[in-house]
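Asker: Sharing a structure here in C-alpha cells format.
The values are calculated or read from the model by the stated rules, or taken from the named source; none is laboratory data. Because the structure is a prediction, the values reported are computed rather than measured. Heads up, the Cβs are rebuilt from the backbone with ideal geometry, glycines too, and the neighbour counts pull from every protein chain shown. Note: areas computed on protein heavy atoms with side chains; ligands, DNA, RNA excluded. Shrake-Rupley method; radii C 1.70, N 1.55, O 1.52, S 1.80 Å.
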Amino acid sequence: MPASSQPVVVIAGLSHSYGSGATRRQVLFDLDLTILPGEVVFLMGPSGCGKTTVLTLVGGLRSVQQGSVRIAGRELLGADEAGLIANRRNCGFIFQSHNLHRSLTALENVRMGLEAQGRGLPADADERCRRILAVVGLEDHATKRQDQLSGGQRQRVAIARALVSEPTLVLADEPTAALDRQTGHDVVALMRRVARERGATVLMVTHDNRVFDLADRILEMEDGRIVGSRQGDSPVPHAGAGHRLEYTT
Amino acid sequence: MPIRRRTPLGWKQLVHSKGRLAVATAGVAFAVLLIFMQLGFMNMLFDSTVMIHRQLNADIVLVSSKARDFANPGTFPRARLLQALSTPGVADAEALYVTSRDWIKQSSNDRGERGAMLLLGVRPDFKAFRDPEITAKQHLLVETGAALFDRQTRGDYTAFRAAIERGERPQTELGGRTVTLVDTMQMGSTFGAEGALIVSDQSFFEFAINRNPGAPSVGLVRVEARRDAEAVAAAIRARLGGYDDTMAMTMEKFIEHSKIRIQQESPIAFIFSFGAVIGMLVGLVIVVEILSADVHDHMAEYATFKAMGFTNRALLGVVFEQSLILSVAGFIPGLGISLALYALVRSTLTMPIAMTLERLLLVLFLAVALCVISGAIAMRRVAKADPADVF
Ligand SMILES: Nc1ncnc2c1ncn2[C@@H]1O[C@H](COP(=O)(O)OP(=O)(O)OP(=O)(O)O)[C@@H](O)[C@H]1O
Ligand SMILES: [Mg+2]
C-alpha cells in the first residue's frame, strides 16, 4: 500500500472509563474505526454518548486506557507525555467555543499555532499566518482582537490557527454550535476546503444536520459504541469513504 | 533559518488587564519602598554612630574596653595616654572628653524646651577634628563657657543661628550652667543626641561636674610620618599589656568596631530587618494574588495551548515572564519614591540617609526574588490546566 493511503487514524478495541472504584463508569466500549488520508468524517450521536471522549483520545489530550489508537503511525496506548505532545502538534484543534486568546490579535492567535510546535518561530512565520488568514478571508482583520470579531470570524481564526502548522489531522468538536445556520455552513465548508488543500484529514463531532452535505462519511454513536456509518451528502465522496448504510432517525 | 522571538504572552496578558497590572506594580513598588526605607534608616543609624569618629583627627584611638557607643564611651585612666605617648612611633596623644547633657533649646517661639546635646571637650590648642573650620574657630573656646554650636542640630534653632550670624553670642542653659554659643561648626546629628557642642576641656568639667581630667573618654593618637598605624597600635597594645581597662586600635578598626557593636548590641538591626520582611510579605501577598488571578482567568487559554502542543514548561515561562515584568515595573517607581523620601529625610531631618549601589542591587534582587517566588506559587495552577477540558 502506498504511504499516502496508509490510514491516518486506526482505532481498534478502544474502551474508556471515567472515575475509579465505585464511581467508575465506562463510556466507550470496544470501538473500532479507520480513517483514510484526506477523508472528512463526521461523528454524531446523542449527548453523552462519548463523542468528545473519542476526540480527546485521538488528539492525545487524554491517555488511552485500553485498546489501540494509532495516529499517523504513532501508537498512543502507553504513550508518555512527550508522545502525547508530539501527537497534539500533529493535530489541529477547532473547539466549540473558538478559545482564542483574548489578549492577542487574530494574527498572534494564528501564530500560536506555529509556536505550539515548540521549534521556535520560522522567519516567515508572520507571512504564513497572513497567508492563511487570507485563505479564511480575514486578511483585513489580522490586527483585531477577538472582541472586535464576529462569531463566524472567530471560528475562521480558529480554523487558520488549527491549520497553519499543516497538521495531518484536524479535530473539531461542534464548531458550528455557536453560529447561525449560514455562518455555520460557511465555516465548515471553509474548514473542509482548507483541509483538503493541505491534505489534512478531518474528524469532526457535530449534531448539526445542516452541514451533513460536507461529510465524506458520517458515523453515528450511541452509548459509547459506533452503531452506524453512512456516506455523507458530499457531492464528491472521497475514494476511501466507507460503505453507505441506511440511516434512520 | 533565522528564528523569530516568541510572542511575549505574559506581557500581552498583563497589559490587557491594566487594572491588574497597576495593582501588582503598586504592590511591588510598595514593598520596594518599605525595604528601601527600612534599610536606609538602619544604615543611616549605623552610619550616624560613626559620623563623629570620622571627624576625629587621629590615626589610633584609645578607648575604654567597656565603651558602648560614642555618646557613652566610658572613660579610661589618663595614664594610658601617657603610656601611649611614650611608645615609639607616636607623634602625639591628646584627650577628648565626651558626654551627653540636656540643654534648654532657645527655640524661636521661646517655649524653653529641653533637648539632649552631645558635649565634646578638647584642649583649644589641639587639632582634635579634621574639619579645618573647627580648627580655625577653636581659639574662641579659651573663654570659659564658650561653645561651638553644630548648625546641623535637629530642631528649630533658627533664632540661635540667626543671632550668631548677626555676630551676637546667644546664651542658654546647659547642665545647669550658662553656655555661650560663640560660633557654629558642622558635625551632623546622631540618633542619641540632637546635635553637638564643642567646648574646651576646662569648660567641659564645668558643665559635667562629675567628670575630671584624669578620666578622658577618647584618646586621640597620631603616629609619626611614614609609620604604619596598625604596627604602632600593636606596639601601644603591647605597652598597655598589663591593663585591660583600655583598648587601642586604628581609626578604621574603631569605626568598624563601633558599627559592629551597635549592630550586635541594639535591637535596631532586628527591628529594621523585621520591617523589611513585612514589606516583602505584603508585596508577596499582593503579587501572588494578582498572578493567581491572572492564571485563573486564563485557565481556558492555557488548556487550549496545551491541547495545541505547548509544554507545561513553555506555559510556566509565561508566568515567569510576568513575574519579571512586575518586579521591574514595581522596582522603578519604588526606587524613585525612595530616592525622593531619602532627599526629604536629608533636608528636613539633616540625617545622612543615602542610596548606595549595593543597597540598590540588593533591593532589586529582593524584588525579583519576591516576584519569582510569587510566580512559582501562582504557577502551580498552570500545571493543572487540563487540555482535555477544552472541548
Ligand atoms: N472528565 C469526565 N469525568 C467524568 N465523566 C465524564 C468526563 N467527561 C465526560 N464524562 C462523561 O462521559 C460520558 C461521555 O461524555 P462525552 O463528553 O464524551 O459525550 P459527548 O458525546 O461529547 O456529549 P455532548 O454531545 O453532550 O458533548 C458522559 O456521560 C459524560 O458525563
Ligand atoms: Mg461533547
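Asker: Suppose we look only past 28 Å in the calculated P(r) of segment B:160-318. What percent of the Cα-Cα pairs does that tail hold?
Answerer: Considering segment B:160-318, 61 percent of its Cα-Cα pairs are separated by more than 28 Å.
Asker: Determine the per residue accessible area of segment B:278-345 with all protein chains present and a 1.4 angstrom probe, expressed in square angstrom.
Answerer: For segment B:278-345, the per-residue accessible area is 36 Å².
Asker: Still on this structure, I have one more. Non-local amide H neighbours of B:LYS105 (under 5 Å, H modeled in plane, Pro and chain starts lacking H): which ones?
Answerer: Under 5 Å from the amide H of B:LYS105 lie the amide H atoms of B:GLU113, B:ARG114, B:GLY115, each far enough along the sequence or on another chain.
Asker: Once phi is turned into θ = phi - 60°, what whole-Hz ³J(HN,Hα) does the Karplus curve with 6.51, -1.76 and 1.60 give for every residue of segment B:361-370, x standing for Gly and Pro?
Answerer: Karplus values, whole Hz, x for Gly and Pro: 5, 4, 5, 4, 4, 5, 5, 5, 4, 3.
Asker: Considering the options B:LEU366, B:THR350, B:ALA300, tell which one lies farthest towards the positive end of the dipole of segment B:276-391, charges being +1 on Lys and Arg and -1 on Asp and Glu at the Cβ, about the Cα centre.
Answerer: Farthest towards the positive end: B:THR350.
Asker: Largest first and to the nearest Å, give the Cα extent of segment B:331-391 along each principal axis.
Answerer: 65, 20, 13
Asker: Taking N as the number of residues in segment B:77-244, what value does Rg over Cα atoms divided by 2.2 N^0.38 Å take?
Answerer: Dividing the Cα radius of gyration by 2.2 N^0.38 Å gives 1.15.
Asker: Here is a follow-up. What does the convex hull of the Cα atoms come to per residue for chain B, in Å³?
Answerer: Once divided by residue count, the hull of chain B is 207 Å³.
Asker: Then there's this: Run through the DSSP bridge list for segment B:77-244 and note the antiparallel percent, rounded to the nearest 5.
Answerer: The answer is about 70 percent antiparallel.
Asker: Separate question: So what J values fall out for segment B:154-160 if you push phi through Karplus, 6.51 cos²θ - 1.76 cosθ + 1.60 with θ = phi - 60°, rounded to Hz, Gly and Pro as x?
Answerer: Values per residue, Gly and Pro as x: 5, x, 8, 10, 4, 5, 4 Hz.
Asker: Oh, and also: So how far, in whole Å, is the C-alpha centre of segment B:124-179 from the one of segment B:353-385?
Answerer: Cα centres, segment B:124-179 to segment B:353-385: 50 Å.
Asker: Which residues' amide hydrogens lie under 5 Å from the amide hydrogen of B:THR184, considering only partners 5 or more residues apart or on another chain, with H built in the peptide plane?
Answerer: Hits under the 5 Å cutoff: B:PHE149.
Asker: Okay, moving on. All other residues with a Cβ under 11 Å from the Cβ of A:SER103 taken together, and with Lys, Arg as +1 and Asp, Glu as -1, what is their net charge?
Answerer: Once all neighbours under 11 Å are counted, the net charge is -2.
Asker: For segment B:120-213, compute Rh as the Kirkwood radius over C-alpha pairs and then the Stokes-Einstein diffusion coefficient at 37 °C and 0.692 mPa s; write the answer in µm²/s, rounded to an integer. Walk me through the numbers on the way to the answer.
Answerer: Details: Rh = 13.4 Å.
Result for D is 245 µm²/s.
Asker: Along the charge dipole of segment B:77-244, which of B:PRO132, B:VAL232, B:ILE209 sits closest to the positive end, that is, farthest toward it, with unit charges on the beta carbon of Lys, Arg, Asp and Glu (+1, +1, -1, -1)?
Answerer: B:VAL232
Asker: Can you classify segment A:1-131 as rounded, prolate or oblate using the Cα gyration tensor, where a ≥ b ≥ c are the square roots of its eigenvalues, rounded means a/c under 1.5, and otherwise it's prolate if a/b beats b/c and oblate if not?
Answerer: prolate
Asker: In the neighborhood of B:LEU120, defined by Cβ-to-Cβ distances under 13 Å, what is the net charge if each Lys or Arg adds +1 and each Asp or Glu adds -1?
Answerer: Residues close to B:LEU120 contribute a combined charge of -1.
Asker: Also, I was wondering about something else. To the nearest 100 Å², how much accessible surface do chains B and A cover up together, summed over both, with a 1.4 Å probe?
Answerer: 2800
Asker: If you don't mind, there's one more thing I want to ask. So what's segment B:9-85 giving for Cα Rg divided by 2.2 N^0.38 Å, two decimals?
Answerer: 2.19
Asker: If you don't mind, another one. Could you give the dipole magnitude of segment B:77-244 about its Cα centre, charging the beta-carbon of Lys and Arg +1 and that of Asp and Glu -1, in debye to the nearest 20?
Answerer: Computed about the Cα centre, the dipole is about 300 debye.
Asker: May I pose another question? Can you pull the three principal axis extents for the Cα set of segment A:77-123, in Å, largest first?
Answerer: 37, 31, 14
Asker: For the protein assembly as shown, what is the charge dipole size about the Cα centre, in debye to the nearest 20, if Lys and Arg each add +1 at the Cβ and Asp and Glu each add -1 at the Cβ?
Answerer: 420
Asker: Taking H as built 1.01 Å from N, whose amide H comes closer than 5 Å to the amide H of A:ALA215, not counting residues under 5 places away?
Answerer: A:ASP233, A:SER234
Asker: To check you understand DSSP bridge types, tell me what percent of the beta bridges within chain B (both residues inside) are antiparallel, rounded to 5.
Answerer: Beta bridges within chain B, antiparallel portion: roughly 75 percent.
Asker: So, R0 is 35 Å and r is the distance between the beta-carbons of B:GLU168 and B:SER65; what FRET efficiency does that work out to, to 0.05?
Answerer: 0.20
Asker: Any idea which of B:LEU197, B:PHE160, B:ALA95 is furthest toward the positive side of the dipole for segment B:77-244, if Lys and Arg beta-carbons carry +1 and Asp and Glu beta-carbons -1?
Answerer: B:ALA95
Asker: Please list the radius of gyration and Dmax for chain A, considering alpha-carbon atoms only, with Å as the unit.
Answerer: 17.7, 55
Asker: Over the C-alpha atoms of segment B:1-134, what are the Rg and the largest Cα-to-Cα span, Dmax, in Å?
Answerer: Reported Rg and Dmax, both Å: 27.6, 84.
Asker: A follow-up question, please. Under 4 °C and 1.567 mPa s, how fast does the protein assembly as shown diffuse according to Stokes-Einstein, given a Kirkwood radius computed over C-alpha pairs? Answer in µm²/s, whole number.
Answerer: 41
Asker: Return the carbon/sulfur percentage of the accessible area of segment B:165-234, one whole number, probe 1.4 Å, all protein chains in place.
Answerer: Within segment B:165-234, the accessible surface is 43 percent carbon and sulfur.
Asker: Check cross-link reach from B:LYS66 to the lysines: straight Cα distance under 22 Å, and skip same-chain residues fewer than eight apart.
Answerer: Of all the lysines, those that pass the test against B:LYS66 - Cα under 22 Å, at least 8 places apart if same chain - are B:LYS253, B:LYS259.
Asker: Moving on to the next point. Once the Cα gyration tensor of segment B:166-254 is diagonalised, what are the square roots of 5 times its eigenvalues, in whole Å and ordered largest first, as equivalent ellipsoid semi-axes? Kindly include the intermediate steps, with their values, before the conclusion.
Answerer: Working: eigenvalues 228, 61, 30 Å².
Its equivalent ellipsoid spans semi-axes of 34, 17, 12 Å.
Asker: Here's a follow-up. Please report Rg (one decimal) and Dmax (integer) in Å for the Cα set of segment B:281-339.
Answerer: Rg, Dmax (Cα atoms, Å): 14.3, 48.
Asker: Cβ under 10 Å from B:SER292's Cβ, B:SER292 left aside: what net charge do those residues give with Lys, Arg +1 and Asp, Glu -1?
Answerer: -1
Asker: Return the lysines within reach of B:LYS12: Cα separation strictly under 28 angstrom, same-chain partners fewer than 8 residues apart disregarded; answer none if there are no such residues.
Answerer: A:LYS144, B:LYS306, B:LYS384
Asker: Could you sort the residues of segment B:293-316 by number and keep only those whose accessible area is reduced by 40 Å² or more in the all-protein-chain setting relative to the chain alone, 1.4 Å probe?
Answerer: Buried by 40 Å² or more upon assembly, which counts only protein chains, are B:GLU301, B:THR304, B:PHE305, B:ALA307, B:MET308, B:GLY309, B:PHE310.
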